[in-house]
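The values are calculated or read from the model by the stated rules, or taken from the named source; none is laboratory data. Bear in mind that the values here come from a model prediction, so they are computed numbers and not experimental data. Don't worry about glycine lacking a Cβ; one is built from the backbone with ideal geometry, like all the others, and counts go over all protein chains shown.
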Amino acid sequence: MTVRADERELRDDALNGLELSARLDRIWRTPSGLLGALMSVDHKVVGRRYIATAFAFLLLGGILAILMRIQLAGPEQTFLSADKYNQIFTMHGSTMMFLFAVPVMEAFAVYLVPLMVGTRNIAFPRLNAFSYWMFLFGGCFLWISFALNVGPDVGWFAYVPLSSLQYTPTKRPDVWAQMITFTEVAALAVSVEIVVTVFKLRAPGMTLDRIPLFVWAMLVTSFLVMFAMPSIMVASTSLILDRLVNTRFYDSSSGGHPLLWQHLFWFFGHPEVYIIFIPGTGMVSAILATFARRPVIGYPVIILSLIATGFLSFGLWVHHMFVTGLPQLGAGLFTASSMLIAVPSGLQIFCWLATLWDGRPVYRTPLLFVIGFIVIFVLGGLSGVMVASVPIDTQVHDTYFVVAHFHYVLIGGAVFPLVGAVYYWFPKITGRMLSERLGRWNFWLAFVGFNVAFFPMHILGLIGMPRRVYTYTADMDWAHLNLLSSGGAAIFALSFAVLLVNVMINLRSGELAGDNPWDASTLEWATSSPPPPQNFDRIPVVKHRDPLWLDSASLPVVAGLSVERRELLLTSLAEAEPQTREASPEPSIWPLLTAIATTVFFIGSIFTPWAVLWGTPPMAVTLIGWFWPGGSKEDEE
Amino acid sequence: MPIRMRTALVPFATLPLAACAGRQSTLDPQGLQSAQILNTLFIFLSVAAVVWIAVVIMLCAGLLRRKRAFDQPLALHQPFERTTGRVIFVLGVATLAIVLGLSIVSYAGQRTVFAKNEHALTLKIISHQWWWEIRYENDSPDKSFVTANEIRIPAGQPVKVELESADVIHSFWVPSLTGKMDLITGQKNELQFTAKNAGIYRGQCAEFCGLQHAHMAFAVLALPADEFGRWRDHENQSANSPTDQLGRQGEQLFRAKGCALCHTIRGTLAGGQLGPDLTHVGARTTVAAGTLPLTPATLGAWIADPQHIKPGNYMPKMPLQSDELIAILHYLEQLK
Amino acid sequence: MTAAERHPKLLYWAGVALGPLAWGINLQGIYALAHFSCETTKLTGAIMSAVLAVVALAGTAISARAVRRGAGAEWTDAQGGGPRTFMAWLGVGSGVLFALVIANQLAASLMISPCLR
Amino acid sequence: MRQTIVRNVAGLPTFGYGAHSGPWWGAMGFMALEGMGFAIAIGAYLYLYAVNPNWPIGAAPPDLWPGTAETIIYLLSIIPNEMTNRVAHRQDLAKVRVGLIAMSVIGVGLLVLRGFEFAHLNTRWDNSAYGSIVWLVLGLHTTHLATDVGDTIVLTVLMFTRHAKPRRFSDVTDNVFYWNFVVLAWLPLYVLLDWVPRL
């Protein structure tokens, strides 16, 4: 290579200790002030915002759930009108799936993956900032619409023709479809960042078989996002086109077909479940190793499971369509794949059980949530095996049995690990510990409340209660179990109140954590809590899958990176051999401006197709501003 | 497991659930298909219960067992690691065997449930927001008739329903008889089932179809064959003419107030196609698609203000004086 | 690097790729051919599944060969540091797993008629 | 934690080409997901083709000449594209400028031709599901074409400013790489749009 860095440039091999830290801090710090905050491209700043915003949407979605449980606590109640109820259940599903579950997992990845692979920032940090703004604006767009009584009311799946202009002439389905576009853009951007971060920014020596399991999980998840979400993009775009400019994709009188929508939606919708669940398994593995005090047994088995699950998740979508009158053999094929996904899931569970079996468990709150996860998720997985069977599914499809099933899978498989992860990584993110006492309350309220709320729904489904009904008649024998379920929901909600209080109290005044309060083994614990803007003063060198357990006193590092400008170390894909010292972008306001221009374009285009014309130039201008070299040192080299 | 033993176990295992089985329950099968599905469900349920309990026991045992002492997390005991690897492999193979076995059970069930009988009695169901149109079609038009929200079938005979939708997607579901099948715009689906015994079975729309999805039920009345024949012959006939002055007045008002624009009453000038056929409405068991049992009081309340009982449905509230309402109600009651 | 060393390196991940590929083709293939096989021989799907299960297992065989040759590096489980052998092991598992999925689909096409709706 | 320096990476270059560069992998990622978008759109087309007994619905197949002309130009454009790639690797600024100008002109020409193609589809988006999916598929590809042409033009301008520093050559090679994707994505679409309706 002919280009060499300026030999006079100051490098980190010439400095040490505090001087090195201070210099790097100055280079990598987010600028101060409001403008500085809006310009930030630090993955930790963006990640924190992402996490907080996603939890805010969890709170909103949770309030909707409580409203629904109040309405259904007894027969023929009039607490909510049919119209309100339909908006609320649609908003609940859409918020939880698109504004909470997927973003929160990506948010944790944005924060943790660069730290865990031992680098200084995520790949494409400006894209990362842009992604956050798109997510925020999309979520606000949906919720402001709801406040204005234009909240979508056609279900989070928006089946045509109910969501077509003919049967829903309001703007409600457009709001839903365009919110999807917002969150898809955000999610796709993060996925590419994660993939490139994992592929290229790993610390030297972190070969493919030394990547922490959480990072592996996020890698697989990111690939799922990249291959699943284009499908819903095509779907939501075609729906908007049908409603806005009279295309005929779903108009059966002009050659369109309603089932095309269902295929497109579920080709995304089923992998979506795994996009939410696989990060949960990554969190479980991370927490388990630390609190069982030994590495997770069967590292390769778990990764094989993740990869197999990832592939298989693309061949299950038709099990959402077993009652649409498809050929029975076709349906049977999807039974085959759906059943077999139990094998990789089971193998993972057995690895975790074996780890607990051999380990010396330390019963702190994160571990409690992992144990709760195993108990709940296995039940959800088993009811999943039931709905994979065509004959059984014809009875339980679209009933409360399915509602119970997927809440066991999603809350058990993702929210329990997630809350455990909050307790686990809160010290790293804030530098302070959460209260263990409140943590125990939190766990037991969640565990009991969840099961009381959702277990009875299995029975409700079997005794005939369909989903998505705003009420039921008094002669249907469903009242008692519904009341019980609503009571459980109240307890479950209380557990989140405890979590909120715990976070609020300890955010500023909690006990100081130190670098590695749990004596964990992965690299994010090798730096201070919270980490400095540069993450690591020197990039670590990895020689073992559990580097901090191999040697907790001293960290092997590389030297030779610039301390005058933002520089990352790129390494090779499989062996993680150092390859280049690539520049990492400076803070910039352009991602925010681009997000604003894109928002104007997206919202405009649900009202008039001409928005494509007048909405594009501002986007082009802001994008050029984003990519045009700013004259800073690393750009000009 | 031998079939006989299995069927003997079914009622036993589902007893705690059957206790709360209502009138729209998969746990109280009254059809050949629903019984077959419950068999499959029971096998899956038993396996699932055993597996779940086994996992929880393994979890508890793993947590509670006496642990050997070690303080370095990486000081692994190699023979243990190897044994564990083997145990996980064996458990994986066991999982595989279980799911393959369950798959075979599922395919077998699927084959039985969807088996077709060419001699089945055929009727057509067209779903509307938010009611059901039922058409008994025959090669000769004078033996074809239309009814709504109530399906009468002969008990013990296979029935084939052809499913179509007039507007959005709905789903036809009578859990006591068989699993559900969607009614999809622009597509023709069909479903076969056989009611084992005479009785009344409730069904309900199971696919979200808009505002009043919750109030879109119907009843299946399985009748003994001869009774079904009599009902069919009667249903073929046009509506009864009103026998008294009040009834005749009601018939006139039915047209004058616009009811006839949407509803058909065969044998009269009322020929509207938008709402349910009311030719023999007085003989039905429910009003407003299973929302209320049909009595003079409920029918009157429904005509007086349909938007109160089922807000947002497509039957408008008509301005009626109370005497007009009474006359129309009297007329409709006579349409048996 | 000699040619002999490069060869296993190129294909060490074959099992990871071939298994899912065969399964995807099988799924789409039987689905697309359902109409055709209803009108002609009912065994089209089963034959295709059998062939594709062998393809998936071929992936396993290639990966297993790469494991035997060391795939260019040593691999010790707890430490890590031999990513190619590691990927080859994943290929071995993945090929077998997807062959089993295909076998289950084969069972489905033997038990359920392609004409049944 | 005590740090032990075990290695010095000061000698590494500050940018790389292809798999050694971050942006290249980013482009790979976006191509993968956009490629999936094309695959899904093709799948939707084939689904509608399969459920409809008549195809194309109520229209004549598209006129062949615009699509065919485009296909020929796309294939030929690979030659100047690859030449640009080679000179960018050699960091020959003058030739890179020529290559980028050529690619910009070709891109604009293709956009104009694309306008004719829309005009000769012989169906409107609101005629039938056939018209809708044809417009969607072609529109999707046009978006990619327009984005890449815009990118090429901006890069061309950039290479005439003081910002034309060595690391920009890596950006040029990424742009070359992306153009190949646009070409590659077009080929199945050409068969789908122009020949499947003639089956």
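Any residue that is among the charged types (D, E, K, R), at pLDDT 95 or above and either more than 23 Å from A:PHE492 (Cα to Cα) or in a helix (DSSP H, G or I) (or both) - is there at least one of those in the range A:5-19? No; the residues of the range A:5-19 include none that is among the charged types (D, E, K, R), at pLDDT 95 or above and either more than 23 Å from A:PHE492 (Cα to Cα) or in a helix (DSSP H, G or I) (or both). Restricting attention to the range B:46-69 and to residues that are at the interface with chain A (Cβ under 7 Å from one of its Cβ atoms) and under 33 Å from the mean Cα position of the chain (by Cα), the residue that is nearest to A:VAL362 (Cα to Cα) turns out to be B:TRP52.
Quick one: what pairs do we get from the range C:10-37, first residue farther than 24 Å from C:ILE112 by Cα, second at pLDDT below 80 and not hydroxyl-bearing (Ser, Thr, Tyr), C-beta under 7 Å, 6+ apart or different chains? Every condition considered, the pairs that remain are C:TYR12/C:ALA71. Do we find a residue being away from chain A (no Cβ under 14 Å) and outside any strand (DSSP E or B) anywhere in the range B:119-133? Checked against the condition, which is being away from chain A (no Cβ under 14 Å) and outside any strand (DSSP E or B), the range B:119-133 yields at least one hit. When every residue of the range B:76-85 is checked against the conditions, at least one turns out to be outside any helix (DSSP H, G or I) and either at pLDDT below 95 or more than 7 Å from chain A (Cβ to nearest Cβ) (or both).
Per-residue answers, yes or no, for (1) in contact with a Phe, Trp or Tyr (Cβ under 7 Å, 6 or more places away or on another chain); (2) in contact (Cβ under 8 Å) with a residue 12 or more places away in the chain; (3) among the aliphatic types (A, V, I, L, M); (4) in a loop (DSSP other than H, G, I, E, B):
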site	(1), (2), (3), (4)
D:PRO13	no, no, no, yes
D:GLY16	no, yes, no, yes
D:MET36	yes, no, yes, no
D:ALA39	no, no, yes, no
D:TRP65	no, yes, no, no
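Filtering the range A:326-361 to residues that are more than 7 Å from chain B (Cβ to nearest Cβ), within 30 Å of A:ARG293 (Cα to Cα) and among the small types (Gly, Ala, Ser) leaves A:SER345, A:GLY359. Per the listing C:LEU110, C:LEU43, C:LEU21, C:LEU52, the residue uniquely more than 8 Å from chain A (Cβ to nearest Cβ), farther than 23 Å from A:LEU306 by Cα and at pLDDT 85 or above is C:LEU110.
Return yes or no: is A:THR221 under 17 Å from the mean Cα position of the chain (by Cα), at pLDDT below 95 and in a helix (DSSP H, G or I)?
On the way: under 17 Å from the mean Cα position of the chain (by Cα): yes; at pLDDT below 95: no; in a helix (DSSP H, G or I): yes.
Taking the combined requirement at face value, the residue does not satisfy it.
Elements of the type helices (runs of 4 or more DSSP H) sitting completely within the range A:547-629 and holding at least 3 residues that are at the interface with chain D (Cβ under 10 Å from one of its Cβ atoms) and not aromatic (Phe, Trp, Tyr): these cover A:611-627. Comparison of B:LEU261, B:LEU269, B:LEU294, B:LEU253 shows that the only residue that is in contact (Cβ under 8 Å) with a residue 24 or more places away in the chain and aliphatic (A, V, I, L, M) is B:LEU253.
Residues satisfying the criterion are absent from the range B:140-147 (criterion: under 14 Å from the mean Cα position of the chain (by Cα) and within 27 Å of B:ARG266 (Cα to Cα)).
Quick one: which of A:VAL301, A:VAL318, A:VAL296, A:VAL323 is in contact with a helix residue (DSSP H, G or I) (Cβ under 7 Å, 6 or more places away or on another chain), under 24 Å from C:TRP23 (Cβ atoms) and within 12 Å of chain B (Cβ to nearest Cβ)? None of the other options fit; the residue is A:VAL301. Does A:ILE392 satisfy being of a type in the set (A, V, I, L, M) and surrounded by fewer than 23 Cβ atoms within 10 Å (Cβ to Cβ)? When the stated conditions are applied, A:ILE392 does not pass them. In the range C:87-110, the condition of being free of Cβ contacts under 8 Å to residues at least 12 places away in the same chain and not in a helix (DSSP H, G or I) is met by no residue. Of the residues making up the range D:68-76, not a single one is touching a Ser or Thr at 6+ places or on another chain (Cβ under 8 Å) and in contact (Cβ under 8 Å) with a residue 60 or more places away in the chain. Look at (1) of a type in the set (Ser, Thr, Tyr); (2) modelled with pLDDT of 95 or more; (3) surrounded by fewer than 18 Cβ atoms within 10 Å (Cβ to Cβ) and you find that A:SER632 fails only one, number (2).
Where helices (runs of 4 or more DSSP H) fall wholly inside the range A:398-514, the ranges with 2 or more residues that are within 30 Å of B:HIS170 (Cα to Cα), within 25 Å of the chain's Cα centre (by Cα) and within 14 Å of chain B (Cβ to nearest Cβ) are A:400-410. For the range D:78-93, the criterion of being in contact with a Pro (Cβ under 7 Å, 6 or more places away or on another chain) and either modelled with pLDDT under 95 or aromatic (Phe, Trp, Tyr) (or both) is met by at least one residue. Apart from one condition, D:ASN175 fits all of (1) buried (at least 18 other Cβ atoms within 10 Å of the Cβ); (2) more than 19 Å from the chain's Cα centre (by Cα); the exception is (2). The condition of being more than 9 Å from chain A (Cβ to nearest Cβ) and out of contact with any Cys (no Cβ under 8 Å at 6 or more places or on another chain) holds for only one of B:ARG202, B:ARG152, that being B:ARG152. The one condition from (1) more than 7 Å from every other protein chain (Cβ to nearest Cβ); (2) within 23 Å of the chain's Cα centre (by Cα) that A:TRP261 does not meet is (2).
Of everything in the range B:42-75 that is surrounded by fewer than 13 Cβ atoms within 10 Å (Cβ to Cβ) and in a loop (DSSP other than H, G, I, E, B), the residue that is modelled with the lowest pLDDT is B:ALA69.
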